[in-house]
Amino acid sequence: MDQLSALLHMSPATLWMAFKVVLVFAGPLTLAALMTWVERRGSAMIQDRIGPNRAALFGKWRLMGLPQLAADGIKAFMKEDLVPPHAHKFLFWLTPILAFLPAALGFAVIPFGQSFQSGGQTYHLSLLDPGNGMGMLYPLAIGATAVYGVLVAAWSSNNKWAILGGMRASAQMVSYELGMSLAVISIFMTTGGYDPHQIIAAQHGMWNVGPQFVGFLVFFTCMFAETNRLPFDFAEGESEIVAGYFTEFGSMKFALMYLSEFIHLVTASALIVTLYFGGWRVPFVANPGVLLSVAAFLGKTLFFCWVFVWVRWTLPRFRYDQLMKMGWKVMLPLSLANFLFHAFLMFRRG
């Protein structure tokens, strides 16, 4: 009773922060689980086949295969959790957490709706408010730590296929983070800061995808490499290295690491929307309000989530030498040229 009384007497700011914590963590997690179903149904549609349609609720409601999500969760939970005898057991158990946390924390600074005022206080629809001093540097820094989950998974497995996958992932992320970072720095430079609310406000007349189209192409391509999605899934290429750093993992460990990939996908889509497509802004609507702005942000994010699925089941995997050549000889020079071009324009304007 004392705890309930304390909860009822919490300040509005504390209740608002608790609500945002639940929303920011539960929202991407729910979307990631849903994207596993979209991936299967989308691939089936692209390949002209049926897809999952057998799992049913209460024996009759199949709902286009949606109960498959519950079936997968139950199956992963019930499967035997094997740990290879040659693995480093502590790091092997720690790996799913190292893979999951960067994916889950990356969404914290992204505004998913228009801020509003109530009772003389401003409420921001992002977990971390703009005055935190980190801005859009935060999701980029957190996303860069995702490679540690891959490397620890590879090393702790003590498996040659896992080590190959881990080495591929580290080289891939280093190669593409340079071009991606320069593309984002161009946004910071033209906007005048790295506060996400400031970046969204600067896209009132025109979204950044117009003047920063080259930077958008670079950033969008690098996001496929950062999330290990086809045509850049060399860290887990099943036709070449069994399953890469996934090889020794099963049960809930595999499920958590597999789900982390889709959370990365949701966060990457949200970053693309925030940096290049106006965030929560609605075309031709100056003040969309809370509900419409949240709906606009969600719609844009889901669209790019579908684009990630679409590209995966359309393009074949590159060769590894093609991957590295594109990162160093195409993405990096393009991103550097885009940065210098916008720096020159700002210099001419004075």
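For the charge dipole of the range 82-349, defined by +1 on Lys and Arg C-beta atoms and -1 on Asp and Glu C-beta atoms about the Cα centroid, which residue among Leu140, Pro211, Ser181 has the Cα displaced farthest towards the positive pole?
Projecting each Cα onto the dipole axis, the largest value belongs to Pro211.
Kindly put Thr145, Thr301 in sequence by how many other C-beta atoms sit within 10 Å of each C-beta, fewest to most.
Thr145, Thr301
Could you give the size of the charge dipole of the chain about its Cα centre, using +1 on the Cβ of each K and R and -1 on the Cβ of each D and E, expressed in debye and rounded to the nearest 20?
Result for the chain is approximately 660 debye, rounded to the nearest 20.
Can you give me the span-like helices of the chain, meaning DSSP H runs with 24 Å or more of Cα extent along the axis and Kyte-Doolittle mean at or above 1.0? Show your work: numbers first, answer last.
Values: long enough: 12-46 (48 Å, 1.07); 89-105 (25 Å, 1.68); 160-191 (46 Å, 0.86); 251-276 (38 Å, 1.32); 289-312 (35 Å, 1.71); 332-349 (26 Å, 0.98).
Counting only whole DSSP H runs, the qualifying helices are 12-46, 89-105, 251-276, 289-312.
Need the full-extension length gain, Phe58 to Ala70, defined as separation in residues times 0.36 nm minus the C-alpha distance. One decimal, nm.
The span from Phe58 to Ala70 would gain 3.1 nm if fully extended.
Hey, in the GNM for the chain with a 10 angstrom Cα cutoff, which one of Ala71, Ala33, Ala162 fluctuates hardest?
Evaluated over the chain, the most mobile residue of the options is Ala71.
Using only the alpha carbons, work out the radius of gyration and Dmax of the range 215-350 in angstrom.
Final numbers for Rg and Dmax: 18.3, 59 Å.
Under a 10 Å cutoff between Cα atoms, tell me which one of Pro85, Pro231, Pro111 has the largest fluctuation in the Gaussian network model of the chain.
Between Pro85, Pro231, Pro111, it is Pro85 that shows the largest mean-square fluctuation.
Rounded to the nearest angstrom and ordered from largest down, what semi-axes does the equivalent ellipsoid of the chain get from its C-alpha gyration tensor (root of 5λ)?
On the way: eigenvalues 214, 161, 84 Å².
After scaling each eigenvalue by five and taking roots: 33, 28, 21 Å.
Most exposed first by the Cβ proxy, i.e. fewest other Cβ within 10 Å, how do Arg317, Arg54 rank? Display every interim value, and only then the final one.
Working: Arg317 17, Arg54 10.
Lowest to highest Cβ neighbour count: Arg54, Arg317.
Taking the C-alpha atoms of the range 148-212, how large are the radius of gyration and the largest Cα-Cα span, Dmax, in Å?
Computed over the Cα atoms of the range 148-212, radius of gyration and Dmax are 18.1, 54 Å.
For Phe90 and Ala33, FRET efficiency with R0 = 25 Å and r from the beta-carbon atoms, rounded to 0.05?
0.30
Beyond 13 Å, what percent of the Cα pairs of the range 16-90 remain?
Working: 2098 of 2775 pairs.
For the range 16-90, the fraction of Cα-Cα distances above 13 Å is 76 percent.
Where a number appears in this text, it was derived from the coordinates with a stated rule and is not lab data. These numbers were taken from a predicted model, which means no experiment stands behind them. Cβ sites come from the backbone with ideal geometry, for glycine too, and all protein chains shown count toward neighbours.
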